[in-house]
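The values are calculated or read from the model by the stated rules, or taken from the named source; none is laboratory data. Quantities reported herein were computed from a predicted structural model and do not represent experimental measurements. Cβ: placed from backbone, ideal geometry, glycine included. Neighbour counts: every protein chain shown.
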Amino acid sequence: AQKITQTQPGMFVQEKEAVTLDCTYDTSDQSYGLFWYKQPSSGEMIFLIYQGSYDEQNATEGRYSLNFQKARKSANLVISASQLGDSAMYFCAMRLSGGSNYKLTFGKGTLLTVNP
Amino acid sequence: DAGITQSPRYKITETGRQVTLMCHQTWSHSYMFWYRQDLGHGLRLIYYSAAADITDKGEVPDGYVVSRSKTENFPLTLESATRSQTSVYFCASNLGTEHGYTFGSGTRLTVV
């Protein structure tokens with residue numbers, strides 16, 4: 001069964017600095033997708049970035065980039081130039097592309113605090 | 001553009017009572033999901049549905065029942081609520097694309 005591991009329960013970063021949130025995954029499938037979601041204190045789930053297992057380049061979305069290392073099965077989120085509004089819970093998730101159920105499996109999350 | 005609507009946003013119920021959480025989507029997405037979020041566990045899949053009248057268990061289905069008689073609705077029922085079911089519940093949907101997921105705003109359920 002697939003598994004997502006986020007080893008950092010909490011992280012602190014100074015405003016305007018970059019921060020990396022770790023995510024490793026475990027699957028024997030060759031085709032899968034990796035996601036990062038942000039959950040601010042208001043509770044909604046906000047999609048940040050997506051990486052397909054066959055994508056050759058790392059995904060980027062504005063200040064967010066996904067450092068995808070397939071051989072190491074890692075999909076770390078890099079946030080550049082942190083802002084106070086980046087303080088939130090961040091979840092890594094994976095979807096297997098085989099089959100037709102489209103289920104997402106989530107990690108336990110990392111709580112990021114951006115200090116002024 | 002209503003997207004996914006979950007109701008109620010907050011609910012307090014007593015142990016042993018039946019409670020139903022509602023989820024309604026306006027896009028006719030085929031796939032719908034129920035997750036629960038607990039501190040230290042992230043989001044865990046309770047049930048999912050690939051289409052109307054097709055449902056299947058997720059990781060933590062015990063104590064929950066779902067139905068999907070219409071594509072747009074996917075209610076989650078706790079038949080006899082227990083304190084361990086105190087959680088935040090999220091409904092989500094997917095059209096059937098690689099990364100087209102949409103989440104509802106969540107329902108915070110407290111069982112006393």
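Tabulated values for the structure
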read-out: B:THR20 vs. criteria closer than 22 Å to B:SER84 by Cβ and either part of a loop (DSSP other than H, G, I, E, B) or over 15 Å from the mean Cα position of the chain (by Cα) (or both); value: no
read-out: Single condition B:ARG108 does not satisfy, out of (1) more than 14 Å from chain A (Cβ to nearest Cβ); (2) among the basic types (Lys, Arg); (3) part of a strand (DSSP E or B); value: (1)
read-out: Residue within segment A:13-20 that is more than 14 Å from the chain's Cα centre (by Cα), within 14 Å of chain B (Cβ to nearest Cβ) and surrounded by fewer than 19 Cβ atoms within 10 Å (Cβ to Cβ) present; value: no
read-out: Segment A:85-106, residues that are assigned to a loop (DSSP other than H, G, I, E, B) and either more than 11 Å from every other protein chain (Cβ to nearest Cβ) or closer than 12 Å to A:LEU21 by Cα (or both); value: A:SER87, A:GLY98
read-out: Options B:SER84, B:SER28: the member that is loosely packed, with under 14 Cβ neighbours inside 10 Å and modelled with pLDDT of 95 or more; value: B:SER84
read-out: Residue satisfying all of: in segment B:72-105; among the polar types (S, T, N, Q) and out of contact with any strand residue (DSSP E or B) (no Cβ under 7 Å at 6 or more places or on another chain); farthest from the other protein chains (Cβ to nearest Cβ) among these; value: B:SER80
read-out: Number of the condition not met by A:GLY10 [criteria: (1) within 14 Å of chain B (Cβ to nearest Cβ); (2) under 11 Å from the mean Cα position of the chain (by Cα)]; value: (2)
read-out: Any hit, segment A:27-48, residues being touching a Phe, Trp or Tyr at 6+ places or on another chain (Cβ under 6 Å) and more than 14 Å from chain B (Cβ to nearest Cβ); value: no
read-out: Set A:SER28, A:SER82: member being surrounded by fewer than 14 Cβ atoms within 10 Å (Cβ to Cβ) and in a loop (DSSP other than H, G, I, E, B); value: A:SER28
read-out: Filter result (within 22 Å of B:SER93 (Cβ to Cβ) and touching a Lys or Arg at 6+ places or on another chain (Cβ under 7 Å)) within segment A:36-80; value: A:ILE46, A:LEU48
read-out: Segment B:18-69: number of residues that are within 9 Å of chain A (Cβ to nearest Cβ), hydrophobic (A, V, I, L, M, F, W, C) and touching a residue at least 24 places away in the same chain (Cβ under 8 Å); value: 2
